[in-house]
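In what follows, a structure is listed as structure tokens, so that the remarks can point back to it.
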Amino acid sequence: MVADFFAAMPPLSSFKLLLTLAMVDRFFGVDGTVRPRTEPWYIMFIDVKRAHFVSDATRELHVELPWEVRRPGEDKVGRLLKSLYGTRDAASNWEKTIRKLLESLGFVCSLGTPCNFLHARRNLRCTVHGDDFVTLGPIHELRKFSQELKAAWMIEERGIFGPPESRHLGTVQEMRHLNRILKWTDEGISYEADPRHVDIVVKALGVSKAVTTPLVREPPDNVDVKDKMLSEQEATLYRSCTMRIGYISQDRTDLQRVTRELAKGMSAPTERHMELLKRCSRYLLHSPRVIQMFRRQRILTRLDVYSDSDHAGCIRTRKSTSGCVIMAGCNLLKSVCRGQAVVALSSGEAEFYALVTSASEALCEQSIASEWDVRLSINLIFDATAGAAMSSRRGLGRVKHVHTAFLWIQNYVTNGLIKLTKKHTSENLADILTKPVTATLMVQMMDLMGFRYVAGRSKIAFAV
């Protein structure tokens, strides 16, 4: 069964939460008491070498032996005692090995995200992505943890990431993780997506004219236009570039709305989709480099979750789009642009569905934080009252066609587990995730989320 070979991967927001906690002076634990920072925290990056060979095999598997290790008269096949790269359960076995070792060291594995671990007494919080360990904590505990891993496995300590004033302790101020580029300065931690994908997309499409926005609203009269299908070669190029932009959009909120439109053409791309792609590449030519800043905060107490929708924004399906931006204080944890599965019959109903999506995403981030002993309340921010009214009352009211499965949010609001706050549209950060906006508004919202448009290229960035 597929479940027998499943291996979990941590969400990217787990890593961003570690960066956020590294910049926080104090927060509340799940028991409600303050967790002050009595000593500086740093982030250690460790890579385990030949990780899958460490794990014990859990199935009876036989492989053909290479001729170099055969002896005269011996069989040509051998039974695996350890996991082998390429076998279906290798990643799952490695996950079990990680958990067994870390729990023996006193760590507690998260239930919701089994790649996250907490050692409360030692103030260590760890997230594991494959064979990459990222751990937050005091420097003496990080070095002790490194020695504990070294005693069990073959590891490479890539460095302890810290602020410039900690250089005398042997810390580094620049680091690559999952090909993202990190830099710790006096202002905070900067986080940048892998720039190679932008270079590849711009070069592959051969654009030379830059534009200031990645997407413009499609005119209504385009709905009946019969698009010509792309050739096989053009379709391959379209899918390749779209996937690269989709990958970059994990780290760049300004690309998430256009990525949703590009994804609609993945199965059968047309000339219209190619024009969308070329416009996006022209925007990348204009703004190739965007960094996110994680700034210092005195205290972290809540998640501010911005929610917005664009009613019937798709002129073909008349379905709406939900946007969600999750801020941990002044630092962005996650942003989501997602199409609504049902056709909303009013703008209020579309806003309600967006609030449900935002609340579910916020509860996930709250759960990840709580299992790292960080207590965060949820403040759900919106700019339309109709959707909030549906979330605040009990039952369906007059919107009897809405499925009762969406009404769980009413219990959370009524019980005070989610607080609703109304703000003007100009202050709603999720606005850029639901519709095409002007360049001025794009820059303004990106700045409020902690993004900066910068020139040049990082010294530690990989080249194409």
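Quick notes on this structure:
- Check on R50, more than 27 Å from Y191 (Cα to Cα), in contact (Cβ under 8 Å) with a residue 60 or more places away in the chain and not hydrophobic (A, V, I, L, M, F, W, C): yes
Every residue, every condition in (1) modelled with pLDDT under 95; (2) out of contact with any strand residue (DSSP E or B) (no Cβ under 6 Å at 6 or more places or on another chain); (3) of a type outside the set (F, W, Y), yes or no:
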| site | (1), (2), (3) |
| --- | --- |
| K100 | no, yes, yes |
| E103 | no, yes, yes |
| V108 | no, no, yes |
| G112 | yes, yes, yes |
| N116 | no, no, yes |
| H119 | no, yes, yes |
| N123 | no, no, yes |
| H129 | no, yes, yes |
| L136 | no, no, yes |
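- In the set E141, E157, only one residue is surrounded by fewer than 18 Cβ atoms within 10 Å (Cβ to Cβ) and in the same structural domain as V108 (by TED's automatic domain parsing); that residue is E157.
- Residue in region 1-45 that is surrounded by the fewest Cβ atoms within 10 Å (Cβ to Cβ), counting only those that are within 23 Å of R295 (Cα to Cα) and of a type in the set (S, T, Y): T38
- Which listed residue, of T20, T38, is touching a residue at least 24 places away in the same chain (Cβ under 8 Å) and on the phi < 0 side of the Ramachandran plot: T20
- T434 being of a type outside the set (D, E, K, R), touching a residue at least 60 places away in the same chain (Cβ under 8 Å) and surrounded by 17 or more Cβ atoms within 10 Å (Cβ to Cβ): yes
- Positions within region 52-86 being farther than 30 Å from L118 by Cα, more than 28 Å from the chain's Cα centre (by Cα), assigned to a loop (DSSP other than H, G, I, E, B) and not basic (K, R), in sequence order: E60, L61, L65, P66, P72, G73, E74, D75, L80, L81
- Only one of G387, G348 that is touching a Leu at 6+ places or on another chain (Cβ under 8 Å) and either part of a helix (DSSP H, G or I) or of a type in the set (D, E, K, R) (or both): G387
- Residue within region 306-327 that is at pLDDT below 95, surrounded by fewer than 21 Cβ atoms within 10 Å (Cβ to Cβ) and more than 17 Å from T434 (Cα to Cα) present: no
- With respect to the conditions (1) crowded, with 23+ Cβ neighbours inside 10 Å; (2) more than 28 Å from I291 (Cβ to Cβ), A362 lacks only one, and its number is (2).
- One residue from V108, V48, V54, V69 being loosely packed, with under 11 Cβ neighbours inside 10 Å and either in contact with a Phe, Trp or Tyr (Cβ under 7 Å, 6 or more places away or on another chain) or of a type in the set (V, I, T) (or both): V69
- Among the residues of region 437-464, those that are assigned to a strand (DSSP E or B) and either loosely packed, with under 15 Cβ neighbours inside 10 Å or hydrophobic (A, V, I, L, M, F, W, C) (or both) comprise F451, R452.
- Residue match in region 336-358 (condition: small (G, A, S), under 30 Å from A22 (Cα atoms) and surrounded by 18 or more Cβ atoms within 10 Å (Cβ to Cβ)): yes
- Looking only at region 216-259, and only at residues there that are of a type in the set (A, V, I, L, M) and farther than 27 Å from C324 by Cα, the one that is farthest from the chain's Cα centre (by Cα): V225
- Among residues of region 121-145, those that are under 21 Å from G162 (Cα atoms) and part of a loop (DSSP other than H, G, I, E, B), counted: 3
The values are calculated or read from the model by the stated rules, or taken from the named source; none is laboratory data. If you're wondering where the values come from, they're calculated on a predicted model, not measured in any experiment. Here Cβ is always computed from backbone atoms with ideal geometry, including for glycine, and neighbour counts include all displayed protein chains.
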